[in-house]
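The structure appears below as structure tokens.
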Amino acid sequence: MSVSSVLRVLRARRVAEPPPAAEEATHHGPKELAGSLQLRHVDAGSCNGCELEIASAFGPVYDAERYGAKLVASPRHADGLLVTGPVTRNMAVPLAKTVEATPDPKIVIAVGDCARDCGVFRGGYGVVGAVDEVVAVDASVPGCPPHPEAIVAALRAVTRR
């Protein structure tokens, strides 16, 4: 296939998904975080389904960065946390310390049904509880796993972009 035929196919098809509507999310976050949001992702004990969707939300198709949200490597550089999975016994203290290490004002977003209410893991031996049972949660994204559009919509509601 020649370069010109590849370009013709790309022009004919939709390359990226349309942006989700910001009104879909219910939380609007602190005013200080509007415009730009640096996020640290914390896996509190998930099955990695939500992590795949977060990676997709920040990938080239959904591109959450165009709405001012960016993933960072340290909670000290973050404005908020994306927390996935039910909180396990091994992650309760590290999650609390990560929230403490994040400077104020901060936002904690529970991503997925397991983070919101433990999902299928409720009552498991190694499960302490949902994220809001360990730290204060400001917003949540439902779904098992949530669609990248839902994650981007929640981030847009916080950044107001």
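The values are calculated or read from the model by the stated rules, or taken from the named source; none is laboratory data. Predicted model, so just to flag it, every value in this text is computed and none were measured. Note: ideal-geometry Cβ built from the backbone for every residue, glycine included; neighbour counts use all protein chains shown.
Looking at the structure I just gave you, is Ala96 in a helix (DSSP H, G or I) and surrounded by fewer than 21 Cβ atoms within 10 Å (Cβ to Cβ)?
yes
Mind listing just one residue for me: the one in the stretch 150-161 that is crowded, with 16+ Cβ neighbours inside 10 Å and of a type in the set (Lys, Arg) and, of those, modelled with the lowest pLDDT? Working first, answer last.
If we filter the stretch 150-161 for residues that are crowded, with 16+ Cβ neighbours inside 10 Å, which is where we start, we get 150-159, 161.
With the extra rule that they be of a type in the set (Lys, Arg), the set shrinks to 156, 161.
Numbers: Arg156: 89, Arg161: 77.
Looking at the filtered set, the residue picked out is Arg161.
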Under the condition of being surrounded by 14 or more Cβ atoms within 10 Å (Cβ to Cβ), of a type in the set (A, V, I, L, M) and in a helix (DSSP H, G or I), which residue from the stretch 99-121 is nearest to the chain's Cα centre (by Cα)? Ala115
May I ask you to verify whether Ala55 is modelled with pLDDT of 90 or more and in a loop (DSSP other than H, G, I, E, B)? no
Could you list, in sequence order, all residues of the stretch 33-48 that are more than 12 Å from the chain's Cα centre (by Cα) and either closer than 19 Å to Thr88 by Cβ or surrounded by 17 or more Cβ atoms within 10 Å (Cβ to Cβ) (or both)? Leu33, Ala44, Gly45, Ser46, Cys47, Asn48
Go through the stretch 122-149 and count every residue that is surrounded by fewer than 20 Cβ atoms within 10 Å (Cβ to Cβ) and part of a helix (DSSP H, G or I). 3
